Amino acid sequence: MAFNLKKVLKALLLSSSQTLSVKDIQDTFARFHEQGVLPLVEEPAGPPGAPAAEAPAPVVDEVPEVFAEPPEDAELYQDVPSLVTVTQIREAMDAISLELKAADDGLLLIEGSNGYRLVTHPRFARWVRILRAEPPPVKLSQSSVETLAIVAYRQPVTRTEIETIRGVSAEAGVNKLLERELIYVVGRADLPGRPIQYGTTDHFLEFVGIKSLDELPASDVLSSRQIDAWLENSTNAPKLGDTDMGLSDEQLPLEGAANAPATAPVGEPPAAS
């Protein structure tokens, strides 16, 4: 019977509370072969000349079967390959994922930026919250979603850039995203005042269900090139004149009206100088 990689991976996934990366799996197989060639550890012998200890009389004639060591399963411990490739691991994980979806038992296998992990289906979220005595998650406001989108596509980005793009204050949205650990402080921009720059976290990738930022859908309004051009135009925007604002040439500008001499009302003589 051939070695069954899929069964071993299922056991590793179920036994791990952390994300299981491909490297973790390969290291596990490497340790398996290292332990297979190690000599057995024997009990230390007594001092030279000491009489050999007598074997204790058995307490029972037969050990219950429940305490007996199970025989090694050929599918799990025999003919284990010395090298398990990345392709073999990914193919086995894909097969496990399809099986879990087909079984519809409430478990899913997801692949994040750091590896694989078994999770409960979102439709069981209420039961999990009841077990853990957790409140329902607070949904992000539209303002926070817009701020998060700008950080995701523009990062690293400063709060001033976010506010310039959105046209409103971004302080509350940035603080909320920091609190939810969806963004973090990347560093400081090489600009006057050294403003703080923000970027997205690995938790953000899990939040939106992608493995890397490269999987973000293309955006016609949030591309770096278009935002750069828009910011440049908004920063160096020309001053608008009266004609640009729809005033006719005959209308007196406000500055001119303020400096013009006062005229007397109709029917009254002009004021004496």
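Computing FRET efficiency as 1/(1 + (r/R0)^6) for ASN175 and ASP27, where r is the C-beta to C-beta distance and R0 is 35 Å, gives about 0.30.
Spacing of the modelled spin labels on ASN114 and ILE130, each 7 Å from Cα toward Cβ, amounts to 3.1 nm.
Readers should treat all values here as calculations from the given coordinates under stated rules, not as data from a laboratory. If you're wondering where the values come from, they're calculated on a predicted model, not measured in any experiment. Neighbour counts run over all protein chains shown; Cβ positions are idealised from the backbone, glycine included.
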